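The values are calculated or read from the model by the stated rules, or taken from the named source; none is laboratory data. Here the structure is a predicted model, which means the values were calculated and not measured. Cβ atoms come from the backbone with ideal geometry, glycine included; neighbour counts cover every protein chain shown. Quick note on the areas: whole protein, heavy atoms, side chains included, nothing else; ligands and nucleic acids left out. Shrake-Rupley method; radii C 1.70, N 1.55, O 1.52, S 1.80 Å.
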Amino acid sequence: MNKRQYEVLEKAVETWGEVAQTDMMIEEMAELTKALLNNRRGRESNISEEMADVYIMLKQLEIIFENEGKINHFINEKIKRLEERLKGK
């Protein structure tokens, strides 16, 4: 994500507020869930578009909760743990 894109996300949080953007995240996750289920049932789905919406909202949650560093720490830990589990397979 480049600087201009990040600034747009900051402006969205500033414009609509933390509560509204958190609610929007919940809606976007539900839409992704629905698209995944549709795909599993052999129906047309827009998974890539819904994934993009969720990703954008996740970045806004990073802004809202000011925790990008914490997230990166947990991502690294969880990937390391996944790697260890995969070694056993």
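Under 24 Å of direct C-alpha separation, and excluding same-chain neighbours fewer than eight residues apart, K59 reaches these lysines: K3, K11, K34, K70, K78, K80.
Taking only C-alpha pairs under 8 Å that are 6+ residues apart, what is the relative contact order of the chain in percent?
Working: 40 pairs, mean separation 27.6, N = 89.
Computed over the chain, the figure is 31 percent.
Of the solvent-accessible surface of the chain, computed with a 1.4 Å probe over protein heavy atoms with every protein chain present, carbon and sulfur atoms account for 54 percent. From the alpha carbon centroid of the range 1-21 to that of the range 22-89 is 18 Å. Summing Cβ point charges (Lys, Arg +1; Asp, Glu -1) relative to the Cα centre of the chain gives a dipole of roughly 740 debye. Length gained on full extension, L37 to R81, computed as 0.36 nm times the residue gap minus the Cα-Cα distance: 13.1 nm. Per-residue ellipticity at 222 nm, computed for the chain from helices alone with -39500 (n - 2.57) per DSSP H run of at least four residues, works out to -29000 deg cm²/dmol. Averaged per residue, the chain has 81 square angstrom of accessible surface, using a 1.4 angstrom probe with ligands and nucleic acids left out.
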